[in-house]
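**Q** Quick one: structure below, then a few questions.
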């Protein structure tokens, strides 16, 4: 066995080990799709905020009363509906693109590595969702955008060891944006659009090029 064959065998063994412990079928196009959807959601949220005078007057409370129950205000319900729609559409797109790539790579969509990935993501995300509901509960919606970025970044960092390396850097970027947004509440929606919109498009495009387009082009050249 010459040196080239030995290196090929080692690369094959490493690939098999990674496929058994890491979910590598995550599609970069799902990130691009989620980013586009998030930008649309941010534009819709901006429309709701611009139509509500209290949001312009107080970037922390949006003019909502401090109550012991979740405010049933029209602005709050509009923002919550917007967030749920963005999340639902983004998840459907992520499922579709990842399922399509999994079919090409031969990796099941719900194997042991995918379950580890989801569990490690869902714990910080669930905690963040409850925390954001508490912010609405106490009339502090201005902190929701930074909080979602912070908890989402922590979720990605927690799950990064079970998937592609770019997810770690995406999580770190989301975390930094969220922490910065805490000190600039007036631009909270802008930071949210940057984190969930622009960063998803950038990192999704990078993942697509490095792990999908690049290898496919190499295979075509070898053929």
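**Q** Among the residues of the stretch 87-95, is there at least one that is loosely packed, with under 12 Cβ neighbours inside 10 Å, under 25 Å from residue 198 (Cβ atoms), modelled with pLDDT of 90 or more and under 22 Å from the mean Cα position of the chain (by Cα)?
**A** yes
**Q** Further, regarding this structure: Being part of a helix (DSSP H, G or I), within 22 Å of residue 58 (Cβ to Cβ) and more than 11 Å from the chain's Cα centre (by Cα): is that true of residue 193 here?
**A** So residue 193 fits the description; yes.
**Q** On to the next question. Which condition does residue 81 not pass, out of (1) surrounded by fewer than 19 Cβ atoms within 10 Å (Cβ to Cβ); (2) in a helix (DSSP H, G or I); (3) in contact (Cβ under 8 Å) with a residue 60 or more places away in the chain, if it passes all the others?
**A** Of everything listed in (1) surrounded by fewer than 19 Cβ atoms within 10 Å (Cβ to Cβ); (2) in a helix (DSSP H, G or I); (3) in contact (Cβ under 8 Å) with a residue 60 or more places away in the chain, residue 81 misses just condition (3).
**Q** Right, another one. Give just the number: which of (1) touching a residue at least 40 places away in the same chain (Cβ under 8 Å); (2) more than 25 Å from residue 188 (Cα to Cα); (3) surrounded by fewer than 16 Cβ atoms within 10 Å (Cβ to Cβ) does residue 119 not satisfy?
**A** Going through the list (1) touching a residue at least 40 places away in the same chain (Cβ under 8 Å); (2) more than 25 Å from residue 188 (Cα to Cα); (3) surrounded by fewer than 16 Cβ atoms within 10 Å (Cβ to Cβ), residue 119 breaks only (1).
**Q** Let me ask you something else. I need the full set of residues from the stretch 14-56 which are in a helix (DSSP H, G or I), at pLDDT 80 or above and under 20 Å from residue 103 (Cα atoms), in order please.
**A** Answer for the stretch 14-56, where residues must be in a helix (DSSP H, G or I), at pLDDT 80 or above and under 20 Å from residue 103 (Cα atoms): 28, 29, 30, 31, 32, 33.
**Q** Right, something else. Going by the conditions given, is residue 67 assigned to a loop (DSSP other than H, G, I, E, B), exposed (fewer than 14 other Cβ atoms within 10 Å of the Cβ) and at pLDDT below 85?
**A** When the stated conditions are applied, residue 67 passes them.
**Q** Now for a different question. Looking for something part of a helix (DSSP H, G or I), at pLDDT 90 or above and under 20 Å from residue 204 (Cβ atoms) - is there at least one such residue anywhere in the stretch 98-106?
**A** No, the stretch 98-106 contains no residue that is part of a helix (DSSP H, G or I), at pLDDT 90 or above and under 20 Å from residue 204 (Cβ atoms).
**Q** Of the conditions (1) surrounded by fewer than 20 Cβ atoms within 10 Å (Cβ to Cβ); (2) under 13 Å from the mean Cα position of the chain (by Cα), residue 109 fails just one. Which one is it?
**A** So the condition that residue 109 fails would be (2).
**Q** Take the conditions outside any helix (DSSP H, G or I) and surrounded by fewer than 19 Cβ atoms within 10 Å (Cβ to Cβ) and apply them to residue 131. Does it pass?
**A** Considered against the rule, which asks whether it is outside any helix (DSSP H, G or I) and surrounded by fewer than 19 Cβ atoms within 10 Å (Cβ to Cβ), residue 131 comes out as no.
The values are calculated or read from the model by the stated rules, or taken from the named source; none is laboratory data. Every value quoted in this text rests on a predicted model; they were computed, and no experiment measured them. Cβ atoms come from the backbone with ideal geometry, glycine included; neighbour counts cover every protein chain shown.
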